Each structure stands twice: as structure tokens, then as C-alpha cells.
1. Write out, first by first residue and then by second, each pair whose Cβ atoms fall under 6 Å of each other, whose residues are 6+ apart or on separate chains, and whose first residue, in region 214-228, is within 14 Å of ALA156 (Cα to Cα) while the second is part of a loop (DSSP other than H, G, I, E, B) and open to solvent by less than 30 Å² (accessible area, probe 1.4 Å).
2. Give, as residue ranges, the strands (runs of 3 or more DSSP E) completely inside region 207-290 that count at least 1 residues that are surrounded by fewer than 17 Cβ atoms within 10 Å (Cβ to Cβ).
3. What are the residues in region 83-128 that are at positive phi and touching a helix residue (DSSP H, G or I) at 6+ places or on another chain (Cβ under 9 Å), if any?
4. Pairs needed: first member in region 99-123, closer than 18 Å to LEU136 by Cα; second member anywhere, of a type in the set (Lys, Arg) and more than 7 Å from the ligand (Cβ to nearest atom); C-beta distance under 7 Å; at least 6 residues apart or different chains.
5. State yes or no: is LEU85 surrounded by 16 or more Cβ atoms within 10 Å (Cβ to Cβ) and under 23 Å from PHE134 (Cβ atoms)?
6. For ARG174, are the conditions met, namely being open to solvent by 60 Å² or more (accessible area, probe 1.4 Å), part of a helix (DSSP H, G or I) and not assigned by TED's automatic domain parsing to the domain that holds GLU46?
7. So how many residues does region 177-206 have that are part of a helix (DSSP H, G or I) and β-branched (Val, Ile, Thr)?
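The values are calculated or read from the model by the stated rules, or taken from the named source; none is laboratory data. If you're wondering where the values come from, they're calculated on a predicted model, not measured in any experiment. Neighbour counts run over all protein chains shown; Cβ positions are idealised from the backbone, glycine included. Note: accessible area is taken over every heavy atom of the protein model, side chains too, but ligands, DNA and RNA are not part of it. Shrake-Rupley method; radii C 1.70, N 1.55, O 1.52, S 1.80 Å.
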Amino acid sequence: MKDRMLIRPMTEGDVGAAYSIASDAFAEDREEVRRRSPEEVAHRQERYRHFLRTDPGGAWIAADGENVVGVAIALRREEVWILSLFALDAAYRGRGIGGDLLRHALDYGEGCKGGIIASSTHPAAMRSYALAGFTLLPTLTAKGVVDRRSLPERLAVREGEESDLEFAADVDRRLRGAAHGPDLSFILSSGARLLISERPSGRGYAVAWEGSPWVVAATAEEVAADLLWACLASAPGLEARSEVNWLTGDQGWAVRVALEAGLSLEVAGPICVKGKLGPLAPYLPSGPFL
Ligand SMILES: CC(C)(COP(=O)(O)OP(=O)(O)OC[C@H]1O[C@@H](n2cnc3c(N)ncnc32)[C@H](O)[C@@H]1OP(=O)(O)O)[C@@H](O)C(=O)NCCC(=O)NCCS
């Protein structure tokens, strides 16, 4: 089967197939995919188009003839390489095709000073990243409906605006070693909220989406904690479920907030790091944008 396989650059025409492969690979079940609104499906696909515009050299497809069977999308932000998506059709896994795709995605990061991946718990993924020289940092994820009674009455957080993007870029450079560049504007264009906190003890920003944080980055834990509370407070209704993902061992501040808010902890995939990055704490990355 591997003889028929072609690894080639991804194009706009592959976006629908990449979405299907990613949905099959990562959705909890088929019901989760069916429940997605047309807007959510469009936004997920628009994300791949965004990466094709910003990083055409980082997006790769595995094809069996005309049939798209795998996808890897990598980004470069300043001197940091990021793996945003890596998935194969289940029928094609375990035959070395993912390894070939990953090599192309990794080559795109040549010359970068650091790299970061939010990994699934799939054994082939964790093995591939560890063998590619990444250090695997185990994580927890916190999920559930926020107990509104736990929300602090006052938070030193304000709504952000376009003019705060440079402030966020500066915080990102300190925390992860690279700004999010065009990604923050893209995330905010989907209706996510930018939150800002500036205090004598530190400063930071968060991106909140319907009661969950997409990114939290700050120079002090108490600032990060306020930003996370503000994300949780933004849940659209009393029954809305929140998720706080990628809680490495350095994010005890966020575990405390999540538990106080009444969320439950589960074990999740590792954050994989390599080379020179920022301290990544206090920091909660976004899966696709890190
Ligand atoms: C992760 C994924 C893309 C890897 O692609 P793949 O074609 O299955 O991987 P490969 O066959 O190239 O195997 C990669 C390595 O893992 C090993 N491996 C493959 N399947 C494995 C399994 N089920 N258990 C343990 N190791 C496995 C291979 O032996 C290989 O190791 P080697 O390089 O030392 O020989 C694919 O399995 C997948 O889509 N998984 C579900 C989605 C996912 O979790 N993606 C990762 C997101 S971070």
C-alpha cells in the first residue's frame, strides 16, 4: 500500500478532506461531529485555509491516488515551529505513512530555535514526537459546568481590543518565545474575546471562547489566575460546559482555579517541547495554535 502513497503539499482543494480526517481522528464520537453547527464546521475549515495562507510550506497531504488519507500542518511563528494538525485515516495507520508526513512537517521547521506540539495520547504520535527529540510533558484537562457561585466578584481584567495585540505579542514572546502573529487576529475574528490584565505584579492576556480559555499567558500566576477566571465566567449559560486543557505540571495555578470552579480532572496527552522556548508558565496553550 505504501508504494501507492504520495506525500504532496496541501492545497485549498484538500480542506474538506482534511477536515473529515481530523474529525474522525479527534472527535469523541460521531455524535460530536453531527452536533457541530454549520458555522463551526466553516470556522474549522477556515482555520486550515488560514494556515495555507500563512504557512503554505508547512501543510502536507498523504494521498492514495486521488484519495486524501492523511494531513500534517505545521506553522512557523518567529523562530518557533508548531505542529497544528497531524492525522491519518484509520485504515492507513501503523504503516509508516504518518512518519513520512511528519518528516515533511518537521523539515519545514529547519532553522527554528524551538518547537512545540500538543499531542494526543495516541501511542504512534507520542513515540514519533519523543523519537524526533521532543520532551513530553504529561498534562491534565479539566472539564465540566462551572459552579457560578465560585466566580470571584471582582477580577482585574478588562476587555481587549485591536490595539492590545502588540501587548499580547510581547507577553507571548516572554512566555513561549514567539508571538502568535496572524493567529490572534484570526482567532478573534471567529467571535472569541480578548481579555487583558495589567497590574503592578504582572501582566497578561487571554482568549476566551464560550466559557473556555483558548490561550492564557501572563508574567505572574495571580494575573493568569484572574484571566482564567474571566474566561470561565464568560460561559454563555448556566449549563454551558467549560474545558481547561493542556495543564502541565507547571500550571498548578490553573489546576487550583479549575477545581475551585467545580471542574473535574482527566489525564490527557502531553505537551511536547524542543529547543529554546519561553518558560511556558503561567501559560495555557491552544491546541491548534499552541
Ligand atoms: C498519529 C498518526 C498520525 C501516526 O501515523 P501512523 O502512520 O499511524 O504512524 P507510523 O506508522 O508512521 O508510526 C510512527 C511510529 O509509531 C509506531 N507505531 C505505529 N502505530 C503504533 C501503535 N499503535 N502503538 C505503538 N507504536 C505505534 C511505529 O512503529 C513508528 O515507530 P518507528 O518510527 O520507531 O518505527 C496516526 O496514528 C493517527 O492519525 N492517529 C490518530 C490521530 C492522532 O492521534 N494524531 C496525533 C495528533 S497529535
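1. Every condition considered, the pairs that remain are ALA218/PRO282; GLU221/PRO282; ALA224/PRO282.
2. Of the strands (runs of 3 or more DSSP E) lying wholly inside region 207-290, those with at least 1 residues that are surrounded by fewer than 17 Cβ atoms within 10 Å (Cβ to Cβ) span 241-247, 264-275.
3. Passing the criteria: GLY94, GLY96.
4. Correct list of pairs: LYS113/LYS276; GLY114/LYS274; GLY114/LYS276; GLY115/LYS274.
5. Spelling it out, LEU85 is indeed surrounded by 16 or more Cβ atoms within 10 Å (Cβ to Cβ) and under 23 Å from PHE134 (Cβ atoms).
6. Against the criterion (open to solvent by 60 Å² or more (accessible area, probe 1.4 Å), part of a helix (DSSP H, G or I) and not assigned by TED's automatic domain parsing to the domain that holds GLU46), ARG174 qualifies.
7. So the count comes out to 1.
Condition check ((1) more than 30 Å from ASP55 (Cα to Cα); (2) at pLDDT 95 or above; (3) of a type outside the set (A, V, I, L, M, F, W, C)) across all residues:
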| position | (1), (2), (3) |
| --- | --- |
| ASP172 | no, yes, yes |
| ILE187 | no, no, no |
| GLU198 | yes, yes, yes |
| ALA217 | no, yes, no |
| GLY249 | yes, yes, yes |
| ALA258 | yes, yes, no |
| GLU266 | yes, yes, yes |
| ILE271 | no, yes, no |
